[in-house]
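Participant: Below you will find the structure I want to go over with you.
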């Protein structure tokens, strides 16, 4: 089966310019820059990138898939607007699963060099609240229907639709991202689709000193249509008809094409 390409939105988190020595050691260990970086040379911020709740595209990460994401996020580039024809503006170097109430989040940490072009503009726009939202681009192999367990592209269930189960109980359908294979990148974007995202002034996992910034509501799919990367806003629902896209990034693009969650399904 062809790889699927998923995009998920969240918002950025930030704090002051004092960094724990362990974070700097982690950058040098996992990224391995040719010249080791020092605390005075970098800016560090963090993102709450995904949670285990159903998002506005109808997808959800099971907790075991969140564990997988914390591994795959390490050393992934940070881009702007999923524009993969340009160089990264920062790099992820640490990720942690954070449990808050009945929700589980993945919080990922990224850094960029203070002396790089645009470094201060990037910091000012993040800290000033202009750049608040982010997205993860990833490959996964199977969208599992929460009702029947089949590939949701092939069964008759539609996300956000209420169904009666054989037991007589009722359940609203969604799909699970299964078989996550690779995180392609995270990006700074203009609008997110993960509910209850927020910013924080700490880089410590699980620190309660956070504040809500509201929910994001407009899903966007970043797809390959022909020769152009296209951002397609889905508003409050799903595409009508087949949406074709090519899975992967420029390094792994090939001639595999897939249909991405074309709703509504046709009977049979």
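Participant: What is the gain in length, in nm to one decimal, between residue 96 and residue 124 on full extension, counting 0.36 nm per residue of separation less the C-alpha to C-alpha distance?
Facilitator: Full-extension gain reported as 7.5 nm.
Participant: Moving on. Say R0 is 30 Å: what FRET efficiency, to the nearest 0.05, do residue 25 and residue 67 get from their beta-carbon distance?
Facilitator: FRET efficiency, residue 25 to residue 67: 0.85.
Participant: Please work out how much length the chain gains when fully extended from residue 142 to residue 115, using 0.36 nm per residue of separation minus the C-alpha to C-alpha distance, in nm with one decimal.
Facilitator: Values: separation 27, 0.36 × 27 = 9.72 nm, distance 4.21 nm.
In short, 5.5 nm is gained.
A short reminder: the numbers here are calculations on the coordinates, not readings from a lab. A quick note: this is a predicted structure, and the numbers were derived from the prediction, not measured. So basically every Cβ, Gly included, is an ideal-geometry build from the backbone, and we count neighbours across all protein chains shown.
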